[in-house]
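Taken together, the values in this text are just the output of simple stated rules run on the coordinates, not laboratory data. Here the structure is a predicted model, which is why all the values come from computation and not from measurement. No Cβ is skipped: glycine too gets one built from the backbone with ideal geometry, and neighbour counts run over all protein chains shown.
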Amino acid sequence: MSETADLTTAPSRARAEIDLAALRANVRTLRATAPGAAFMAVVKADGYGHGALPCARAAVEAGATWLGAATPEEALALRADGALPADVRIMCWLWTPGGPWREAVEAGLDVSVSGLWALREVEQAARAAGRPALVQLKADTGLGRNGCPPADWPELVAQALRAEREGLLRITGLWSHFACADEPGHPSIAAQLALFHEMAAHAEKEGARPEVRHIANSPATLTLPETHLDLVRPGIAMYGVSPGPELGSSADLGLRPVMTLAASLALVKHVPGGHGVSYGHHYLTPGETTLGLVPLGYADGVPRHASGTGPVLVGGKWRTAAGRIAMDQFVVDLGGDEPEPGAEAVLFGPGDRGEPTAQDWAQAAGTIGYEIVTRIGVRVPRVYVNE
Ligand SMILES: *Cc1c(COP(=O)(O)O)cnc(C)c1O
C-alpha cells in the first residue's frame with residue numbers, strides 16, 4: 001500500500017495528489033450509466049496506483065457494494081481494513097496453486113475458479129476452515145487469458161455443483177472478461193457476450209443459482225448497456241482515465257481524472273546554445289536558454305519511452321522532457337524563462353489548469369493511460385484531498 005501524507009507534511013520533491021471527490025463523482029456517474037447493476041470497484045494494483053484503501057473507502061461511500069482485486073493478498077488486505085463495512089463483498093481472481101485459499105475462505109472473500117486444480121484447492125480449504133467457500137466460476141469466452149474454455153466448462157460446472165451439494169462451497173457468480181470492449185463495433189464483443197449467455201445458461205440449467213453474472217469492464221460499462229447484466233466491474237474509468245482514445249477523452253465520458261502528478265523544480269540554470277542535455281546528449285539546446293530540473297524519473301514511474309516527448313506544465317506553459325528521462329530526474333528546456341527553484345512542474349492532472357493529462361503521457365510514451373497512473377512508484381507520496 002502506498003505511503004500517505006498530507007499536503008503540509010508531503011516532501012517537497014514530488015507528490016501524487018489523489019482527489020477522492022473526483023473518484024466518488026466518477027463512481028456515481030458510472031452507477032448512473034448502469035443503474036440496474038451492482039457496482040464492483042476494481043482496486044487491484046494498489047488502486048491503479050492511487051492507493052487501494054482510500055479509493056476503496058471512497059468508492060463504497062459512493063455506492064460500490066463490491067470490491068475487485070487481482071491477487072488474494074490484495075483482497076485480504078482490503079478485508080483487514082477496519083474502515084470498510086464488513087458486508088462489502090470482496091472478490092479476487094488471480095490464483096496460483098498453493099495460494100492462501102483457507103485465509104480467503106475464512107475472510108469470506110469471493111474467489112474466482114477457472115479450472116479443476118483451483119476447485120480442488122478451494123474444496124480442501126473449505127473443509128479445513130469448516131465453512132463454505134464463495135466461488136465465482138470464470139468462463140473464457142474469447143479473451144484467451146484466465147477463465148475456463150467452453151470445452152472444459154461442463155466438467156467444471158458439474159464438479160462445482162457436486163461440491164456445492166456437499167456443502168463445501170456456494171456458487172455465487174458466473175463471469176467473464178472482454179478482449180476488445182474498448183474497440184467499438186469489434187465483432188468479438190457480441191460473440192463473447194453470446195457465448196457467455198450460453199455458458200451461464202448451461203450452468204443454471206444444471207442447477208447453479210449465482211447471485212451475479214458479470215462481464216463489463218470500464219469500456220463496456222460506458223458504452224455497451226447490453227453487457228451490464230447483474231454487476232459492472234469498472235477500474236480505470238473510476239480513476240477518471242479514459243479506457244482508450246477511441247472512446248473519447250475523460251471529459252467526453254463525463255469523468256474527472258483523480259490523480260495529479262507534480263514536482264518542484266530542483267534547479268533552474270542558464271546554459272549556452274549547443275549544450276547537450278542528459279544521458280546520450282539526445283537533446284542539444286537550440287540556443288542560449290534556461291533548463292529546469294524535474295526531480296522525477298523512471299524509478300518513480302515516469303516512462304523513459306517519453307524521453308523527448310513527455311509534456312510538463314511549468315509557469316503556465318507546456319514544456320517537453322528534453323533528452324533522456326533518467327532514473328530520478330529529467331530536464332525541461334524553459335526557453336529563457338526563469339522560474340524560481342521549487343516552482344511547480346505538473347506532469348499530468350485533470351487538465352483544467354492547462355496541464356497535460358495521463359492520456360497525453362500515454363501518447364508520448366506509446367502506451368495506455370492505465371500504465372501511466374499504475375506505475376507511479378512508491379517513492380512518490382500520495383496526498384489525499386477531499387476525503
Ligand atoms: C482489471 C480488470 C477489470 C477492470 O478493467 P478496466 O478496464 O480498468 O475497467 C475488470 N475485470 C477484470 C477481470 C480485470 O482484471
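Can you figure out the FRET efficiency of Lys269 with Glu61, using R₀ = 41 Å and their beta-carbon distance, to the nearest 0.05?
0.30
Counting every Cα pair in the chain, what percent are over 38 Å apart?
Summing the P(r) tail past 38 Å for the chain gives 27 percent.
Expressed in whole Å with the largest first, what are the equivalent ellipsoid semi-axes of the stretch 34-239 derived from the C-alpha gyration tensor as the square root of 5 times each eigenvalue?
Gyration-tensor ellipsoid for the stretch 34-239: 24, 23, 14 Å.
HN-Hα J couplings of the stretch 196-206 from phi, Karplus 6.51/-1.76/1.60, θ = phi - 60°, integer Hz, Gly and Pro as x?
4, 4, 5, 5, 5, 4, 4, 4, 6, 4, 7
If a/c stays under 1.5 just call it rounded; otherwise compare a/b with b/c (prolate if a/b is bigger, oblate if not). Do that for the stretch 231-298, with a ≥ b ≥ c from the square roots of the Cα gyration tensor eigenvalues.
prolate
What's the local net charge at Pro295, with K and R +1, D and E -1, over the other residues with C-beta under 10 Å away?
-1
Starting from the 7 Å offset along Cα-to-Cβ, what nm value, one decimal, do you get for the label separation of Glu206 and Asp152?
1.4 nm
For Tyr239, Tyr48, Tyr279, Tyr298, what ranking results if the residue with the fewest other Cβ atoms within 10 Å of its Cβ goes first?
The fewest-first ordering by Cβ neighbours comes to Tyr279, Tyr298, Tyr48, Tyr239.
What FRET efficiency, computed as 1/(1 + (r/R0)^6) with R0 = 56 Å and r the Cβ-Cβ distance, is obtained for Glu198 and Tyr279, rounded to the nearest 0.05?
0.50
Can you tell me the 0 to 90 degree angle between the C-alpha axis of helix 116-129 and the longest principal axis of the chain, rounded to 10?
For 116-129 against the chain, the angle is about 80 degrees.
At Glu166 and Leu143, where each label point lies 7 Å from the Cα along Cα→Cβ, what is the point-to-point distance in nanometres?
With each label point 7 Å from Cα toward Cβ, the separation is 2.8 nm.
Note down the net charge around Gly244, summing +1 for each Lys or Arg and -1 for each Asp or Glu among other residues with Cβ under 10 Å from its Cβ.
Around Gly244, the surrounding residues sum to -3.
Quick check: net charge around Trp361, other residues with Cβ under 15 Å of its Cβ, Lys/Arg +1 and Asp/Glu -1?
Net local charge, Trp361 excluded: -1.
Sequence neighbours fewer than 8 away in the same chain don't count; with that in mind, list the lysines whose C-alpha is under 18 Å from Lys269.
Lys269 reaches Lys317.
What is the set of long-range amide H partners of Ala133 at a cut-off below 5 Å, with H atoms built 1.01 Å from backbone N?
Leu169, Arg170
Calculate how large, on average over all directions, the projected area of the Cα convex hull of the stretch 259-385 is; give the answer in nm² to one decimal.
Spelled out: convex hull of the Cα atoms, projected over all directions, averaged, 7.1 nm².
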